[in-house]
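This report concerns only the one structure given below.
The values are calculated or read from the model by the stated rules, or taken from the named source; none is laboratory data. Bear in mind that the values here come from a model prediction, so they are computed numbers and not experimental data. All Cβ positions, glycine included, derive from the backbone under ideal geometry; neighbour counts span all protein chains shown.
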């Protein structure tokens, strides 16, 4: 082989290598951009989770009995360690009187409202995010679909007439839970009888909401004044009176429903693109919508029946999360859940400190925070975020 042929072959091979190198460089650059894109989503979720831990530590210190932030973390950590040691039958040294009082104050008096508040915020925001994507409507949340109004009606009946659907100490909770499922059942029934659009389903939920509100108002007009006070305290939304015994139901339903939504998050992305696109890909859009609405309705009902009506969390939290993580429900759902928990426990902290020693109910605080924030999002949020 002469030198001209050799040099020609080398040049040809070098040009092929350059094309390959350019392709590899482009792929690596795209991978780097994608990794940065995913990292931003994960960092938002982690930042919200860290915020929850910090706010909880601060909230535990609020009260008549003085306890520092670092000390509160230590008390919580020691309590968990002692429970683990008891679980495995290990010897646990007894607490002295001062330590026992602090442990009781932190763990039995202050932590339940924070733990249940975090679960409530998680569930309401998760339900709101899934409802907005399922119904393709930025105004969808547990309130606009009638779930909260149904729960309010059930609680009002139980309080004013002394007997709900079930008898016993859980009458109000049971009655609120069962009646909160009626609006969703009616929406699903209408969609099964006659094929309706997601917009029509939202309108049906609003119609049911107004019906329940009207009937609840009539009941309050005939109610005893003492019962009216109890109804009002339940209706504004509050963590007062919640105990560790209330946690299993809320946490269990939220975890089960949240797991179902996460498993169906890819299908939820397809559903968000429209029924025609979903059906063309082999998905039964109507059936998938019913499954998702059932899951998130159970989550919202299990929370509202314990806490009362807490508005704007399921509406605002998904919008804020969508600004940071986009519309991909694989990230939007957990991001909304984390931010919803943070938003609700921050609202509770504000309510306990802003007019101390009096307490402003958390439902009132979320309305004050959520209204202006949602208005800001409506004005400033880009349309493409909902794409």
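Determine, yes or no, whether residue 285 is over 18 Å from residue 345 (Cβ atoms), in contact with a helix residue (DSSP H, G or I) (Cβ under 7 Å, 6 or more places away or on another chain) and crowded, with 24+ Cβ neighbours inside 10 Å.
Numbers: over 18 Å from residue 345 (Cβ atoms): yes; in contact with a helix residue (DSSP H, G or I) (Cβ under 7 Å, 6 or more places away or on another chain): yes; crowded, with 24+ Cβ neighbours inside 10 Å: no.
Here the answer is no, as residue 285 does not meet what is asked.
Among residues of the range 226-242 that are over 25 Å from residue 345 (Cβ atoms), those with a Cβ under 8 angstrom from a residue that is modelled with pLDDT of 80 or more and outside any helix (DSSP H, G or I), sequence gap 6+ or separate chain, pair up as 231/223. Mind listing whichever residues of the range 217-257 are within 25 Å of residue 106 (Cβ to Cβ) and under 17 Å from the mean Cα position of the chain (by Cα)? Within the range 217-257, 237, 238, 239, 247, 248, 249, 250, 251, 252, 254, 255 meet the criteria.
Taking residue 327, is it farther than 16 Å from residue 176 by Cβ, in contact (Cβ under 8 Å) with a residue 60 or more places away in the chain and outside any helix (DSSP H, G or I)? It is true that residue 327 is farther than 16 Å from residue 176 by Cβ, in contact (Cβ under 8 Å) with a residue 60 or more places away in the chain and outside any helix (DSSP H, G or I).
Listed conditions (1) under 30 Å from residue 332 (Cβ atoms); (2) touching a helix residue (DSSP H, G or I) at 6+ places or on another chain (Cβ under 7 Å); (3) at pLDDT below 90 are all met by residue 69, apart from (1). Residues in the range 34-63 that are part of a loop (DSSP other than H, G, I, E, B) and without any contact (Cβ under 8 Å) to a residue 12 or more places away in the chain: 1 in all. Considering only residues in the range 65-77 that are more than 29 Å from the chain's Cα centre (by Cα) and without any contact (Cβ under 8 Å) to a residue 40 or more places away in the chain, the one that is surrounded by the fewest Cβ atoms within 10 Å (Cβ to Cβ) turns out to be 66. For the range 205-229, the tally of residues that are modelled with pLDDT under 85, in a helix (DSSP H, G or I) and closer than 15 Å to residue 154 by Cβ stands at 1.
Selection of helices (runs of 4 or more DSSP H) fully inside the range 79-189 by the criterion of at least 2 residues being crowded, with 17+ Cβ neighbours inside 10 Å and free of Cβ contacts under 8 Å to residues at least 24 places away in the same chain returns nothing.
So, residue 53, is that one exposed (fewer than 13 other Cβ atoms within 10 Å of the Cβ), closer than 21 Å to residue 119 by Cα and modelled with pLDDT of 75 or more or not? Yes. Against the conditions (1) surrounded by fewer than 22 Cβ atoms within 10 Å (Cβ to Cβ); (2) part of a helix (DSSP H, G or I); (3) touching a residue at least 12 places away in the same chain (Cβ under 8 Å), residue 336 satisfies every one except (1).
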